[in-house]
1. Of the conditions (1) at pLDDT below 95; (2) buried (at least 23 other Cβ atoms within 10 Å of the Cβ), A:Asp34 satisfies every one except a single condition; which number is it?
2. Inspect all residues belonging to the stretch A:149-162 and state whether any of them is at pLDDT 95 or above, surrounded by 12 or more Cβ atoms within 10 Å (Cβ to Cβ) and assigned to a loop (DSSP other than H, G, I, E, B).
3. When A:Gly27 is evaluated against the numbered criteria (1) within 14 Å of chain B (Cβ to nearest Cβ); (2) in a helix (DSSP H, G or I); (3) not hydrophobic (A, V, I, L, M, F, W, C), which criterion, by number, is the only one it fails?
4. Kindly state which strands (runs of 3 or more DSSP E) lie completely within the stretch A:30-131 and contain at least 1 residues that are touching a His at 6+ places or on another chain (Cβ under 8 Å).
5. Could you look through the stretch A:50-79, keep only residues that are within 11 Å of chain B (Cβ to nearest Cβ) and β-branched (Val, Ile, Thr), and pick out the one that is surrounded by the fewest Cβ atoms within 10 Å (Cβ to Cβ)?
6. Which numbered condition in (1) touching a His at 6+ places or on another chain (Cβ under 6 Å); (2) acidic (Asp, Glu); (3) closer than 30 Å to B:Gly337 by Cβ is the only one that B:Asp10 fails?
7. Does B:Ile98 satisfy the criteria of being at pLDDT below 95 and in contact with a helix residue (DSSP H, G or I) (Cβ under 6 Å, 6 or more places away or on another chain)?
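The values are calculated or read from the model by the stated rules, or taken from the named source; none is laboratory data. Model, not experiment: these values are computed from the prediction. All Cβ positions, glycine included, derive from the backbone under ideal geometry; neighbour counts span all protein chains shown.
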Amino acid sequence: MTKLVVISAGLSVPSSTRLLADRLTAGTVEALEDVEVTHVELRDLAHQVTDQLLTGFPGAELAAAQDAVRAADGLIVVTPVFSASYSGLFKSFFDVLETGLLDGKPVLVAATAGTARHSLVLEHALRPLFAYLHAVVVPTGVFAASEDFAGTDLDARVSRAAGELALLMGKVSSVDSAVSVRRTTQDEFAEPTPFEQLLRQASGR
Amino acid sequence: MQFGIFTVGDVTADPTTGRTPTEHERIKATVAIAKKAEEVGLDVFATGEHHNPPFIASNPTATLAYIGAQTERIILSTATTLITTTDPVLIAEDYAKIQHLTDGRVDLMMGRGNTGPVYPWFGKDIRDGINLAVENYALLRRLWDEDVVNWEGKYRTPLQGYTSTPRPLDGVAPFVWHGSIRSPEIAEQAAYYGDGFFHNHIFWPAGHTKQMVDLYRRRFEHYGHGAYDEAIVGLGGQFFMRKNSQDAVNEFRPYFDNAPVYGHGPSLEDFTEATPLTVGSPQQVLERTLGFREYVGDYQRQLFLLDHAGLPLKTVLEQLDLLGELLPELRKGMAEGRPANVPDAPTHASLVAAAGGAHDSTVYAEADSATGHRAEDAEVTA
């Protein structure tokens with residue numbers, strides 16, 4: 001049984017951060033053959049995270065969440081963007097995590113914000129954090145601004161990222177949901193994309 | 001089974017009055033508390049060691065010797081001695097000397113310290129913490145156990161033909177406890193030497209203490225010092241009691257809420273549930289304390305932290321009176337069901353007996369050419 005832990009740092013109920021986390025989870029579950037999912041809502045653990053910052057030891061529920069992370073084969077972590085970075089609560093959860101717990105673990109990073117202007121937070125904040133923690137961050141991060149919940153672009157990005165995470169976590173049930181490889185110029189020379197397809201793509205299918 | 005108190009000598013404002021004691025008041029209060037501890041029948045007083053405000057427990061040797069001169073029975077110990085940043089040669093000398101001055105009423109607890117800058121202040125690197133504890137203690141042991149030491153290590157200048165003086169009283173070094181909250185390496189170290197292992201206990205949940213003590217006991221047996229349940233274990237503890245338990249809660253809450261270590265964090269209720277802190281009636285303190293055995297096994301030393309977080313001296317002395325009244329029941333409870341093979345904590349007398357009796361350990365050195373036995377000898381050879 002593959003173990004997936006989903007950490008979500010949204011503060012409102014319901015939160016767009018949790019909505020994005022759920023979509024990423026569904027995509028990953030679909031790509032994996034047999035998976036057990038544990039959701040960790042950081043809002044519920046906010047007091048215990050602060051207490052551990054002050055006392056050095058976790059309360060019972062936070063300890064259970066940390067044990068789930070310890071046993072996980074892969075993680076999906078989703079934070080709202082606060083003041084141009086991950087939220088303080090999100091960071092604090094990883095600040096109190098025992099050193100070495102994320103070593104070599106596949107992690108899919110994702111973030112939500114009001115506008116797309118914050119989208120590089122994945123590359124400038126989340127990716128360095130998890131590189132420092134020695135996690136293996138999947139190549140595709142998923143950023144969702146409010147407007148992204150209207151279109152279909154997010155779906156493609158979610159399934160690509162989920163496929164990448166599933167590949168790193170082990171068994172994959174269907175090749176289709178795994179990583180899509182982008183075509184190179186050489187591919188076009190060897191086997192050009194038929195113009196009918198280019199026409200379809202140009203007008204959005 | 002020994003009962004006692006330990007203190008880090010924090011100079012903290014009393015949150016109910018806003019008044020902070022002076023260093024002078026705090027140092028004198030520490031002595032008053034130690035003398036009271038002996039008066040109410042406790043077995044151990046321990047203090048040490050921080051090298052920065054707001055603490056007065058810097059190198060505690062002077063304080064311990066001063067208390068030793070004003071008491072007759074109580075064992076003096078440290079909580080802790082910084083084996084990482086203190087020169088083991090000075091530790092060997094200082095504590096052998098206190099042994100002589102107090103007729104063997106001293107032991108030590110080794111610790112690594114928790115204030116980062118202490119390492120650079122003493123020319124060390126905090127990343128070497130464990131290695132320093134390991135190498136320095138190995139040297140300290142040799143300085144006590146061998147009359148002449150040739151030694152070379154990584155962290156200290158080498159020693160050639162060195163004799164630490166005075167030699168340990170009756171040829172027996174002070175007993176050593178190793179204290180650590182969360183480093184398995186220190187439990188392993190205590191087990192390797194067959195020394196005692198002390199778990200602070202008071203800041204972390206019981207499950208964690210249990211895990212550390214279990215490791216120490218397993219490794220103690222592995223190294224052939226005795227059975228699992230014969231290892232020498234000490235625990236911290238923390239309480240505030242009044243005859244009426246609600247009075248205890250009401251009186252202690254402001255001190256808890258503003259305490260330097262856990263203040264402004266979990267509630268008093270959450271913290272008392274998660275850790276050994278007990279705030280209530282003497283009966284509650286008795287029951288909780290007797291319950292420690294359930295997860296660490298029968299053990300040898302129980303030290304309580306009483307004077308901290310700005311509690312006034314008068315209150316601390318009242319707590320000591322209450323503890324004294326509780327002592328007979330604590331001793332009786334701990335003796336109940338205690339297997340015969342579980343040893344008491346080693347004392348100077350028991351260590352001397354185990355070594356086959358006292359012997360004069362003085363090293364009567366030959367005169368050397370530089371100083372001679374007498375000034376005129378040195379002059380002749382110079």
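1. (2)
2. Within the stretch A:149-162, none of the residues are at pLDDT 95 or above, surrounded by 12 or more Cβ atoms within 10 Å (Cβ to Cβ) and assigned to a loop (DSSP other than H, G, I, E, B).
3. (1)
4. Fully inside the stretch A:30-131 and qualifying: A:74-82, A:106-113.
5. Per the criteria, the residue is A:Thr50.
6. (3)
7. Spelling it out, it is not the case that B:Ile98 is at pLDDT below 95 and in contact with a helix residue (DSSP H, G or I) (Cβ under 6 Å, 6 or more places away or on another chain).
Residue-by-condition table, conditions (1) at pLDDT below 95; (2) small (Gly, Ala, Ser):
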residue: B:His24; (1), (2): no, no
residue: B:His50; (1), (2): yes, no
residue: B:Ala57; (1), (2): yes, yes
residue: B:Arg73; (1), (2): no, no
